[in-house]
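Below is one structure, written out as C-alpha cells; the observations come after it.
Please treat every number below as a calculation from the coordinates, not as lab data. Keep in mind that what you see is a predicted model, and the values were worked out from it rather than measured.
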Amino acid sequence: MTLSTDETERLQNALKAIDGLLRGLSDFRPYPELLVSEDETLHRFLEHIVSSVQDARSHSAKALTQLNEARQAGIEEERIAAEAAAAPPRELVPEPVATYRPPANMEQIFMANPTGMREVVLVADHDAESLRAVETMLTDEDYRVLSVRDAFEAISIYARLWAAIDLVILDFSMPGMSGDLVFDELQAINPHVAAVISGGYTHPDKLSQMLGRGLSGFLPKPYDREKLIRQIQQVMAHKPPSQAASRL
C-alpha cells in the first residue's frame, strides 16, 4: 500500500506524539529511587514498566526512521525520474543511508568482571586497544565493565540498563556520533546520568557547555590507572545517594 503525502505526514506526526509520550514516561524521575525499593513486587513491576516503555519507544523510533527513509526514497525516486526524463540515462550511485539499530539484546551484552563488588561502568571508545586498556584497569580495581566501540550501541545498552549503570565514560571523537551528542541521548534517557568525556582534545567552549548541562567530568588522554580511578571516585563521591544505580 502506498501512502499519500498527507497520510504520511499524519502518520509521522502521530508517531512523534507517541515518542514524546514514551520519552516522558521513560524520564519519570522517581524511577531510579523506586527501582531500589526493598519491596520486591514493586521492584519487579517497575522494572517491567521501564522495560516496556523503552521497548515501545524503540519501536516508535524504528517506525519513524523507516517512515523517514521511505519518504526520502520516494522523493529521491521522483527526482531521479524527473532527471531521467530530461537527460540521457546515467548510472546512479546511491548515497549511504543510516540504518536503525535496535536496543541491545540482554543476552548479547557481555560484562567484564560481573562478580565485582564496585560500580558498573559503561565505557565507549572506538579504539579497540584503548578500550581493552581501560577495561583491564577497571576490572583490576574490581569494577564491573560494559565495553562498546560504537556510539549507537552505547545508547542502546544504556537505554536497557540505565538504572543499573553507575557511570559512563565516553570517548569524545567517536565516528558517526561524537561524544557530546551521545551525552545528549543519554540525558534524554536519564536526566541524572553520570558521564565523563575522555579525549586528546576537546574545545574548551564545548566542554564548558557540556559541564553546564550536567557532564560529570573530563578525562584528558592519555591517562593512567591512577587518574582514571581518581576521576571515577570523584564522580561517585558527588553523586547523590538517591541517584545511585541498583545492582545488577
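Odds and ends about this structure:
- Relative to the current alpha-carbon distance between LYS227 and THR136, full extension at 0.36 nm per residue lengthens the span by 31.3 nm.
- Gyration tensor (alpha-carbon) shape descriptor, segment 106-243, a/c threshold 1.5: rounded
- Counting 0.36 nm for each residue step from ARG213 to ASP6 and taking away their Cα separation leaves a gain of 70.7 nm.
- Shape category assigned to segment 145-203 from the gyration tensor of Cα positions, a/c cut at 1.5: prolate
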